[in-house]
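**Student:** Below are the C-alpha cells for one structure; questions will follow.
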C-alpha cells in the first residue's frame, strides 16, 4: 500500500470514529483513560525495552543530550503518564456544555454549546509522553486523533499506542479513535496536512523546521506550537532571594523543554549587586553564559564558559545549559526586548512593585506572563489541564497550553416553543 493510500485509510477510519466519540458518554471516555493507565502500568518492561531501542539508535545517530533527555522513558515517566491520564479523567467534560444563555426579544432562548473539533492530526518530535497526552485530551474532548511522532521515537510510540488501543477496546470505543502512524516515511506528514476531507485541525509540536513546513504546506487549519525563547526580567524592585531562586529553577530544572528560561534581563540599578550572586549559583550547574558588554564587565570570576552575546543569542532557544544575559535600563527596555526577540511563549518579572508587575503583565505579548514565579510553571499539568498537546503561541483559536477547551469549539443553539420569525 502506498503512503497516500495508507493515510487515506487512517483518515477515513478516524472520521468514522469521531462520530462515535462526539456523543460518547463522559463515563465511557473516562473508563478508556483509566484502562489506558492500567495498560501502561502492566506494560512497563516492554515500554522501557522499546524506548531503549530508540535511545540506542539516537546515540548512534548523534542525538545530543537534550534530545536524548526528551526521548527517554523511565518508570517515573510512566508514572507521570498514568497520573496525567487519571487527571484528565477527573476533569469536567466540556462537550455538551451550554453557556451564555439569554432570551432574545423574539422570545427564543439562545446559547452556545461546546462541541469537539472532529479529527485532530498531531505531529510531534522526540517525546513519547506526548502520545499519551494527545490521546487523553482528544478522547476526553470527543475528538479522534491521528498522531505522527518523530522517527527517533518510533518504537516507544508504537508500544504506547498498544496501551492506548487496549484502553479504547476495554471501554468499547473504536480502536481507530487514536491512530499512531506506523510508517516513518516523511511523505506521511505531507499527506496528513492535506487530508481536508477527513482532518479538521493540525497541531505541529516540534522545531522551527517542522512548524515552518506545516504552516506553509497545510491545507487544514493549524494550531502552532512554536519555540520557547522564555525570559525572566529582574526589576529594580525585585526581592534578591526570590530573584535568584526563580532564575535557577527557570534555567536548570530541565534544559530540553520549551518553558526553560533562555534569556535573563536585569535592571541596570540591580545588576552590580545581583549578577555576581546569580553567576555564582549558575556555575554549580556548568551553565555557559553569553553576555552583553555591560554584563561581561560585572560578572567577576566564573568557573565555566563565558562568551560575548551576539544578536542571534537574543532570539535563541538553546534547549541546553546555555543562558544569555542582558542588562537593561528599566522595565520599558525589558518589555521592548521581550516583545522584539521573544517567541511569545512565556515570560516572567520578578518585582515587589505590584503596579509595575501588572503593567508588565498587560504589555508583554506572550501566551503566559508570570509575576514572581518560574517560567517552568507554563505547563498544562501545572495549569490543571491534566496534560497538553502543546503550548500555542497563536492568538486564534487557542493560546497557551492547549487542553480540553482548546480542542473544542462552540456552536449556537436556539430553544423555542413553536416560534416563527415575522
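Just so it is clear, none of the values below were taken in a lab; they were calculated from the coordinates. Just so we're clear, the structure is a prediction, and the values are computed from it rather than from any experiment. No Cβ is skipped: glycine too gets one built from the backbone with ideal geometry, and neighbour counts run over all protein chains shown.
**Student:** Between helix 75-90 and the chain, what is the angle of the helix's C-alpha long axis to the longest principal axis, kept within 0 to 90° and rounded to the nearest 10?
**Tutor:** Taking the Cα atoms of the chain, the angle to 75-90 is about 60 degrees.
**Student:** Under a GNM of the chain (C-alpha, springs under 10 Å), which listed residue has the highest mean-square fluctuation: 310, 19, 154?
**Tutor:** 310
**Student:** Looking only at 113, 67, 101, which one moves most when the chain is put into a Gaussian network model with springs between Cα atoms under 10 Å?
**Tutor:** With Cα springs under 10 Å in the chain, the top fluctuation among 113, 67, 101 is at 101.
**Student:** Would segment 230-377 count as rounded, prolate or oblate if I go by the C-alpha gyration tensor, calling it rounded below 1.5 in a/c and otherwise prolate when a/b exceeds b/c, oblate otherwise? Please report the intermediate quantities before stating the final value.
**Tutor:** Values: a/c = 1.42, a/b = 1.23, b/c = 1.15.
It comes out rounded by the Cα gyration axes.
**Student:** Enter the angle in degrees (range 0 to 90, nearest 10) between the Cα long axis of helix 331-341 and the first principal axis of the Cα atoms of the chain, meaning the one along which they spread out most.
**Tutor:** 50
**Student:** Pulled fully out, how much extra length does the chain show between residue 109 and residue 208, if you take 0.36 nm times their separation in residues and subtract their Cα-Cα distance? Don't jump to the answer; show the numbers that get you there.
**Tutor:** On the way: separation 99, 0.36 × 99 = 35.64 nm, distance 4.64 nm.
Difference between extended and current length: 31.0 nm.
**Student:** By its C-alpha gyration tensor, with a ≥ b ≥ c as the square roots of the eigenvalues, how is segment 100-164 shaped: rounded for a/c under 1.5, else prolate for a/b larger than b/c, else oblate?
**Tutor:** Numbers: a/c = 4.98, a/b = 4.00, b/c = 1.24.
It comes out prolate by the Cα gyration axes.
**Student:** What residues of segment 2-24 lie in the reach of a label at residue 162, counting those whose backbone N is under 20 Å from a point 7 Å from the Cα along Cα→Cβ?
**Tutor:** none
**Student:** Now for a different question. Relative contact order (percent) for the chain, with alpha-carbon contacts under 8 angstrom and 6 or more residues of separation?
**Tutor:** Taking the mean separation of contacting Cα pairs over the length of the chain, I get 19 percent.
**Student:** What full-extension length gain, to one decimal in nm, is calculated for residue 272 and residue 242 as 0.36 nm per residue of separation minus the Cα-Cα distance?
**Tutor:** 9.1 nm is the gain from fully extending residue 272 to residue 242.
**Student:** If you don't mind, another one. Would you order 382, 152 from fewest to most other beta-carbon atoms within 10 Å of each residue's own beta-carbon?
**Tutor:** Ascending Cβ contact count within 10 Å gives the list 382, 152.
**Student:** Hey, another quick one. Could you list 302, 124, 412 in order of exposure, starting from the residue whose Cβ has the fewest other Cβ atoms within 10 Å? Write down the numbers at each step before the final one.
**Tutor:** Details: 302 15, 124 24, 412 9.
Least crowded to most crowded, the residues run 412, 302, 124.
**Student:** Just want to confirm a number: the relative contact order over segment 230-377, from Cα pairs under 8 angstrom separated by 6+ residues, in percent.
**Tutor:** Values: 292 pairs, mean separation 51.3, N = 148.
Computed over segment 230-377, the figure is 35 percent.
**Student:** Under a GNM of the chain (C-alpha, springs under 10 Å), which listed residue has the highest mean-square fluctuation: 360, 103, 285?
**Tutor:** 103
**Student:** To the nearest 10 degrees, how steeply does helix 240-252 sit against the main Cα axis of the chain, on a 0 to 90 scale?
**Tutor:** Around 50 degrees separate the two axes.
**Student:** Could you put 366, 156, 343 in order, starting from the residue whose Cβ has the fewest other Cβ atoms within 10 Å?
**Tutor:** 343, 366, 156
**Student:** Cα-based Rg (one decimal) and Dmax (whole number) for the chain, in Å?
**Tutor:** Rg then Dmax for the chain, in Å: 23.4, 82.
**Student:** Sticking with this structure for a sec: Would any residue of segment 256-287 have its amide N under 20 Å from a label point 7 Å out along Cα→Cβ of residue 59? List them or say none.
**Tutor:** 256
**Student:** Work out, step by step, the length gained on full extension between residue 419 and residue 3: first 0.36 nm times the residue separation, then minus their alpha carbon distance; give nm to one decimal.
**Tutor:** On the way: separation 416, 0.36 × 416 = 149.76 nm, distance 5.21 nm.
Stretched out fully, the residue 419 to residue 3 stretch lengthens by 144.5 nm.
**Student:** If you consider only alpha-carbon coordinates, what radius of gyration and Dmax does segment 321-422 have, in Å?
**Tutor:** Here Rg and the maximum Cα pair distance are 19.3, 69 Å.
**Student:** Report the label-to-label distance for residue 219 and residue 169 in nanometres (one decimal), using points 7 Å from each Cα along the Cα→Cβ vector.
**Tutor:** Inter-label distance under the simple model: 3.5 nm.
**Student:** What spacing in nm lies between the two simple spin-label points modelled at residue 19 and residue 371, each 7 Å away from Cα in the Cβ direction?
**Tutor:** Calculated label separation equals 5.1 nm.
**Student:** I want to make sure I understand the PRE zone here: with the label point 7 angstrom from the Cα of residue 97 toward its beta carbon, which residues in segment 342-385 have backbone N atoms less than 18 Å away?
**Tutor:** Taking a point 7 Å out along Cα→Cβ of residue 97, the residues of segment 342-385 whose backbone N falls under 18 Å are 380-385.
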